[in-house]
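One structure below.
The values are calculated or read from the model by the stated rules, or taken from the named source; none is laboratory data. Computed from a predicted structure; not experimentally measured. Cβ coordinates were reconstructed from backbone atoms using ideal geometry, including for glycine residues, and neighbour counts include every protein chain displayed.
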Amino acid sequence: MEHDEVRDLEDLLEQCLGRMFRGKGAESLPWQPDGQTVHLMAKAAGAVYEGACHIAKNRPRRRKARPVT
């Protein structure tokens, strides 16, 4: 992934995580993370996704099975 794509993904994840923690279901959580923690969570999620993309891109393609005759 390009650096700009990663940054855009991290920004989107940060917005979504922030909304989720401010939302209704998050009231039952024992601790509400601050902005810095949400930012780090978004960066970590972006890194995991970037790694998964790298693995998928470089995975050897499977050959089609030959029919049994």
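Can you confirm whether residue 50 is out of contact with any Leu (no Cβ under 9 Å at 6 or more places or on another chain) and in a helix (DSSP H, G or I)? Please lay out each step first, then the result.
Working: out of contact with any Leu (no Cβ under 9 Å at 6 or more places or on another chain): no; in a helix (DSSP H, G or I): yes.
Judged against the criteria, residue 50 is not a match.
Here is a list: 26, 65, 44. Which entry is modelled with pLDDT under 95 and either surrounded by 12 or more Cβ atoms within 10 Å (Cβ to Cβ) or under 19 Å from residue 5 (Cβ atoms) (or both)?
On the way: 65 fails: either surrounded by 12 or more Cβ atoms within 10 Å (Cβ to Cβ) or under 19 Å from residue 5 (Cβ atoms) (or both); 44 fails: modelled with pLDDT under 95.
When all the criteria are applied, what remains is 26.
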Exercise. Look at residue 8 and say whether it is surrounded by 12 or more Cβ atoms within 10 Å (Cβ to Cβ) and not small (Gly, Ala, Ser).
Key: yes
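If a residue must be closer than 15 Å to residue 1 by Cα and among the basic types (Lys, Arg), how many such residues does the range 47-62 contain? Before the answer, list the steps.
Quick first cut of the range 47-62, residues closer than 15 Å to residue 1 by Cα only: 47-58.
Retained after the next criterion (residues that are among the basic types (Lys, Arg)): 57.
Qualifying residue count, the range 47-62: 1.
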